[in-house]
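K.L.:
Structure provided below as structure tokens; questions to follow.
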2 protein chains.
Amino acid sequence: MYKLRSCKQMHSHSDRITIYDQENFQGKRLEFTSACQNIMECGVNNICSLKVECGVWAGYEHSSFCGQQFVLERGEYPHWESWSGSNAYHIERMMSFRPICSANHKESKMVLFEKENFIGRQWEINDDYPSLQAMGWGNNEIGSMQVQSGAWVCYQFPGYRGYQYIMECDRHGGEYKHYREWGSHAQSFQVQSLRRIQQ
Amino acid sequence: MYKLRSCKQMHSHSDRITIYDQENFQGKRLEFTSACQNIMECGVNNICSLKVECGVWAGYEHSSFCGQQFVLERGEYPHWESWSGSNAYHIERMMSFRPICSANHKESKMVLFEKENFIGRQWEINDDYPSLQAMGWGNNEIGSMQVQSGAWVCYQFPGYRGYQYIMECDRHGGEYKHYREWGSHAQSFQVQSLRRIQQ
């Protein structure tokens with residue numbers, strides 16, 4: 001049986017992402033090992049395809065890490081649809097990105113709260129949930145979240161679909177007490193699936 | 001801490017799905033507890049929103065369980081984008097669906113093969129993989145698969161994005177020896193993430 005080892009186990013090198021200004025890995029090509037706040041400052045108007053070679057990254061619709069969020073795990077993304085998932089608004093744009101340093105697949109822990117400001121029923125999780133309702137969560141919303149370790153991605157719809165909201169233990173002190181803190185694209189408390197982010 | 005129980009633990013009732021012929025759970029409403037081969041025979045032209053109340057279902061673009069596949073776990077799906085994910089062709093149509101009887105989240109097991117016809121390197125898995133490459137799989141393709149227990153969903157792109165291919169232990173004898181057996185929408189061996197289907 002084939003023995004697998006992750007990128008970080010095999011190599012001592014750090015995070016690495018390659019972006020292209022055309023679809024299907026064509027056009028101008030740039031390689032990064034750390035955050036890029038505005039791809040236009042590197043002479044590229046937009047990212048149209050990309051490869052994550054090591055680590056896990058967060059991509060953003062706008063510069064300075066704003067707008068729609070896209071979790072980018074290792075692999076090949078030939079066009080915008082390949083990282084966007086299904087979204088309520090379709091703007092083919094990714095302008096900034098950064099590594100998700102706290103991602104720790106095995107040690108991730110988070111507490112979900114029924115209501116905003118960490119009140120109501122609570123539930124501690126350390127696993128992936130393609131359907132929160134299938135596991136007994138009462139409705140299609142989460143009021144607030146406390147990330148105790150690792151990094152997570154929450155989704156509007158079951159099966160890891162719809163808007164992506166990246167939650168990290170080392171940002172906001174791991175506290176997300178209202179959907180307004182999930183990102184500028186969040187317009188409601190709706191979360192129906194969530195999972196740990198894999199390093 | 002809130003104690004969660006799944007739908008199947010709480011109730012003895014069987015699979016249940018409610019479909020609507022308008023978006024946002026509007027219009028004509030029909031409830032099913034077993035497969036529907038052609039929604040038009042029930043007097044509905046198309047499914048525009050749905051709620052999975054119990055069990056896990058496979059939805060299909062065309063009648064008779066053909067065309068693009070959509071895994072439907074428990075939760076609310078207000079429009080086509082909420083179940084389709086990001087797809088290479090955007091046809092807002094779901095005409096048939098059926099329960100995925102073999103889904104067994106805890107007991108799922110599958111063997112991946114590097115090449116078609118169950119040859120080349122192999123890897124036995126019983127967990128979810130948002131990035132196969134992050135776990136050491138050498139490229140962005142899987143040649144063939146043997147599902148030994150449970151049901152799985154494979155995706156073109158990392159992070160559970162792109163085309164969905166549903167693989168079950170009790171169909172095809174669990175054997176998927178070429179991408180032509182994954183479904184009529186499969187056009188290549190490309191698979192970059194996969195996961196167990198949750199009951």
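K.L.:
Can you list the strands (runs of 3 or more DSSP E) lying wholly within the stretch B:82-199 that have 1 or more residues being at pLDDT 95 or above and farther than 28 Å from A:W57 by Cα?
P.N.:
Filter on the stretch B:82-199 gives B:96-99, B:109-115, B:119-125, B:144-149, B:151-157, B:161-168.
K.L.:
Restricting attention to the stretch B:120-135, which residues are in contact with a Ser or Thr (Cβ under 8 Å, 6 or more places away or on another chain) and open to solvent by 40 Å² or more (accessible area, probe 1.4 Å)?
P.N.:
B:N126, B:M135
K.L.:
Residue check: is A:S149 polar (S, T, N, Q), over 13 Å from the mean Cα position of the chain (by Cα) and open to solvent by less than 10 Å² (accessible area, probe 1.4 Å)?
P.N.:
no
K.L.:
Could you grab me the full set of residues in the stretch B:152-185 that are touching a Phe, Trp or Tyr at 6+ places or on another chain (Cβ under 7 Å), more than 11 Å from chain A (Cβ to nearest Cβ) and open to solvent by 10 Å² or more (accessible area, probe 1.4 Å)?
P.N.:
If the condition is that a residue be touching a Phe, Trp or Tyr at 6+ places or on another chain (Cβ under 7 Å), more than 11 Å from chain A (Cβ to nearest Cβ) and open to solvent by 10 Å² or more (accessible area, probe 1.4 Å), then B:K177, B:Y179, B:G183 are the ones that fit.
K.L.:
Could we say that B:M40 is outside any loop (DSSP other than H, G, I, E, B) and open to solvent by 10 Å² or more (accessible area, probe 1.4 Å) here?
P.N.:
yes
K.L.:
Within the stretch B:69-81, restricting attention to residues that are touching a residue at least 60 places away in the same chain (Cβ under 8 Å) and part of a loop (DSSP other than H, G, I, E, B), which residue is nearest to B:I142 (Cα to Cα)?
P.N.:
B:E73
K.L.:
Okay, moving on. Could you list, in sequence order, the residues of the stretch B:55-109 that are surrounded by fewer than 22 Cβ atoms within 10 Å (Cβ to Cβ), of a type in the set (A, V, I, L, M) and either within 14 Å of the chain's Cα centre (by Cα) or within 22 Å of B:E41 (Cβ to Cβ) (or both)?
P.N.:
B:I91
K.L.:
Moving to a separate point now. If A:V111 meets every condition in (1) facing chain B (nearest Cβ under 9 Å); (2) hydrophobic (A, V, I, L, M, F, W, C); (3) closer than 21 Å to A:T18 by Cα apart from one, which number is that one?
P.N.:
(3)
The values are calculated or read from the model by the stated rules, or taken from the named source; none is laboratory data. Here the structure is a predicted model, which means the values were calculated and not measured. Positions of Cβ are generated from backbone atoms using ideal geometry, with glycine treated the same way; all protein chains shown enter the neighbour counts. Protein only, heavy atoms only, side chains kept; ligands, DNA and RNA dropped before computing areas. Shrake-Rupley method; radii C 1.70, N 1.55, O 1.52, S 1.80 Å.
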